[in-house]
Amino acid sequence: QPIEALALYASYSQSFQPNTLSATTVNGEFLEPERGEQFEVGVKANLLEGRLAATLSFFDISQTNVAATDPANANFVVPIGRQSSQGMELEVTGEILPGWNILAGFSLIDAVIEESSAFPNGAGVRNVPDTAANLWTTYEIQSGDLAGLGFGLGLYYVGARPGDGANTFTLDDYLRTDAAVYYRQDDFRLGLNVRNLFDVTYFESGVDRRGAVPGDPFTVIGSISISF
């Protein structure tokens, strides 16, 4: 912590995760466990007299023996010998003004397959975009007859990314807008959330050309909650 508002950090970790017993190769063989290694360095800062917190991190992650859908037979898996991800992430959270809160994030990631007998070496990792960003902000009236009435707006951007391990097709980038209106007093809360406000058409993820998962259309969810 070189100055009071700034802190530096570094971390190293290893991971171990057994592949599921239901995931077998076309020959009926089980995959060896997936292993990972991560290096990360970053900086944390307190801004606006502590009302806002920001974290900037840089990372390098490598994984071995990752289970992937067999491109020749979607009912089975093949191991990716090694894949890696390098990039940076920025997160900002806090209260800019009384009642006005913000949560924002931005990431740049270079994720590639380095060793594989089933996919091209150097291919992008399925469903991992180069760029992603999000912003969620709310404002709640603090005083007067409308105290407790709040509004929220969210923007979520996901860049173009490979739709399968072989990179035979690309899922387009998209920008989704969410919104919310709520009212709360003491232990009572009434809310209305809107997902995909402008009803954009997009795909959240893909396995192959027949298995791309579309995002939700315009959706409204109402909620009432009482705490006691």
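Here are the numbers for the structure shown:
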quantity	calculated
Residue match in segment 119-129 (condition: of a type outside the set (Phe, Trp, Tyr), more than 18 Å from residue 63 (Cβ to Cβ) and within 24 Å of the chain's Cα centre (by Cα))	no
Within segment 144-168, tally of residues that are open to solvent by 30 Å² or more (accessible area, probe 1.4 Å) and at pLDDT below 95	6
Residue satisfying all of: in segment 177-216; within 15 Å of residue 158 (Cβ to Cβ) and among the aliphatic types (A, V, I, L, M); least open to solvent (accessible area, probe 1.4 Å) among these	212
Answer residue from segment 131-165, given it is small (Gly, Ala, Ser) and part of a strand (DSSP E or B) and is farthest from residue 224 (Cα to Cα) among those	132
Condition broken by residue 140, with the remaining ones in (1) surrounded by fewer than 17 Cβ atoms within 10 Å (Cβ to Cβ); (2) farther than 30 Å from residue 28 by Cβ; (3) not small (Gly, Ala, Ser) satisfied	(1)
Failed criterion for residue 6 (all others in (1) surrounded by 14 or more Cβ atoms within 10 Å (Cβ to Cβ); (2) farther than 26 Å from residue 128 by Cα hold)	(1)
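The values are calculated or read from the model by the stated rules, or taken from the named source; none is laboratory data. None of the values given here were measured: they were computed from a predicted structure. Cβ atoms come from the backbone with ideal geometry, glycine included; neighbour counts cover every protein chain shown. Ligands, DNA and RNA are stripped out before the accessible areas are found, and what is left, the full protein with its side chains, is counted by its heavy atoms. Shrake-Rupley method; radii C 1.70, N 1.55, O 1.52, S 1.80 Å.
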